[in-house]
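Have a look at the structure below, then the notes.
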There are 2 protein chains.
Amino acid sequence: MIAKELMSTPLQFYFDFSSPYGFMAAQRIDALAQKHGRTVDWRPMLLGVAFKQTGAAPLTEVPLKGDYSRRDFARSARFYGIEGFRMPSRFPIPTQAPGRLVTWVRRAQPGAAAAVAKALYAAYFLHDRDISGPDVVAEVAAETGLDRAAARAALDDPAIKDAFRREVEEAISRGVFGSPFVFVDGEPFWGIDRFDQIDRWLATGGF
Amino acid sequence: MIAKELMSTPLQFYFDFSSPYGFMAAQRIDALAQKHGRTVDWRPMLLGVAFKQTGAAPLTEVPLKGDYSRRDFARSARFYGIEGFRMPSRFPIPTQAPGRLVTWVRRAQPGAAAAVAKALYAAYFLHDRDISGPDVVAEVAAETGLDRAAARAALDDPAIKDAFRREVEEAISRGVFGSPFVFVDGEPFWGIDRFDQIDRWLATGGF
């Protein structure tokens, strides 16, 4: 009975909208889950809040790592066959607005969360639109079929702001310190380069 | 002509003897190179020197990342089928002594460098021997067939100390900030989780 229950547990997919590896993971997580009969729970978080605990900084701002990271972002996109990836003109950006939108959609229309998250990521990493601004976020929401005014209002709603803040805190209390970060039946995996381990974990029930 | 010349260029494999992922990479790098008709140049470095530039700290000492890392070390070892891996009682350790030994062997008997490096890694990550001490390092050298007294003397030789120091500085000037770190015909790859990219890079000549 436990096994059957686990089979229906969604993969918990944590990501920051300013994370290139999070963007790449977002292109692949649904297929990985579907392959094993699972669904995905899309959970935006804020790397900046996690970095306060770990002392980390945005990769591109770290000496030595910065140059390597930019090269690895582009190469990894090619490796995964993700076309059109380019580093946005402004990077990194604050991601409260897109995070709040997904928080709202997960409550108002859960089935739309994945599509909205992917549209926001595409806007930023494929089309160089600055999704830090609430008006742009509402515009992208409207492009996916959501009501623009309702979306825009949600971004200023204290209840949504508070809900997102609490979700970010909960993520960090669970040990989420990077993006992407995936829980599979409680087992934590950090990084798109752990997707092969996730694949085997789901196939075998753990190793 | 250039292509043929590249074909004979060794993979430059940088690693710190206190790095669990470096240890795991050391179990796999020769097979990866051989698959593509390449050899491996084993180049010890010192993460501590790189960390001074990047501001990084040993993974296990970072809040949130520390717990995850220990779990991921063990899980990755199982994923790669590396038997007997265990975190040493003392971790991390200073790795000047094993680094100097390999520096000496690369000069005195280049063909023995890989075997010596693997023996040192095995002593630390399989058999919990503290390889920070020069006497232990000389002992491990002797176990691989090298002359114990000559090895022990090399560890105190100012010329070897200086050579290793310069090699570490050169590595960092090339952008090496982590372990393992591999150059394939000038292209940098950080982490054992980039071995699949290295594999494709070698197969296709770059992507």
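No lab work stands behind these numbers, since they all come straight from the coordinates. Computed from a predicted structure; not experimentally measured. All Cβ positions, glycine included, derive from the backbone under ideal geometry; neighbour counts span all protein chains shown.
Tabulated values for the structure
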item	result
Rotational relation B to A, axis-closest Cβ in chain B, residue and distance rounded to whole Å	B:D193, 2
Computed over the range B:14-81, Cα set: Rg, Dmax in Å	14.0, 42
Ascending list, in nanometres, of distances separating the A:G111 label from those of the other copies (7 Å, Cα toward Cβ)	6.9
Bins of 5 Å, starting at 0 and running to the largest distance - Cα pair percent for the range A:119-207	3, 12, 14, 14, 16, 17, 13, 7, 3, 0
Position A:D156, label points 7 Å along Cα→Cβ, spacing to each other copy in nm (shortest first, one decimal)	7.6
Residue among A:G22, A:G175, A:G99 with the largest mean-square fluctuation in a Gaussian network model of chain A, springs linking Cα atoms under 10 Å	A:G175
Charge tally in the Cβ shell below 11 Å around A:A151, where Lys, Arg are +1 and Asp, Glu are -1, A:A151 excluded	-3
In nm, spacing of pseudo-spin labels at B:T60 and A:A163 (7 Å Cα→C-beta vector)	4.2
GNM top mover of B:V62, B:V49, B:V140 - chain B, alpha-carbon springs below 10 Å	B:V62
With eigenvalues of the C-alpha gyration tensor scaled by 5 and rooted, the range A:162-207, Å	24, 11, 7
Label 7 Å beyond Cα on the Cβ vector: B:E83 copy-to-copy distances, nm	4.7
Cα-based Rg and Dmax for chain B, where Dmax is the largest Cα-Cα distance (Å)	16.6, 51
Charge dipole (the protein assembly as shown, unit charges on Cβ, about Cα centre) - positive-most of A:G206, B:T204, A:A159	B:T204
Chain A: most fluctuating residue of A:L64, A:L46, A:L32 per GNM, C-alpha cutoff 10 Å	A:L64
Members of A:K52/B:K52; A:K65/B:K118; B:K52/B:K161; A:K35/B:K35; A:K65/B:K52; A:K65/A:K118 lying beyond 22 Å, as alpha-carbon distances in this model show	A:K65/B:K118; A:K35/B:K35; A:K65/A:K118
Sum of side-chain charges, A:Y124 neighbourhood, beta-carbon under 15 Å (Lys, Arg +1; Asp, Glu -1)	-2
Full-stretch length increase - A:D185, A:A115 - with 0.36 nm per residue and alpha-carbon distance subtracted	22.9 nm
Relative counts (whole %) of C-alpha pair distances in the protein assembly as shown, using bins that are 20 Å wide	25, 52, 21, 3
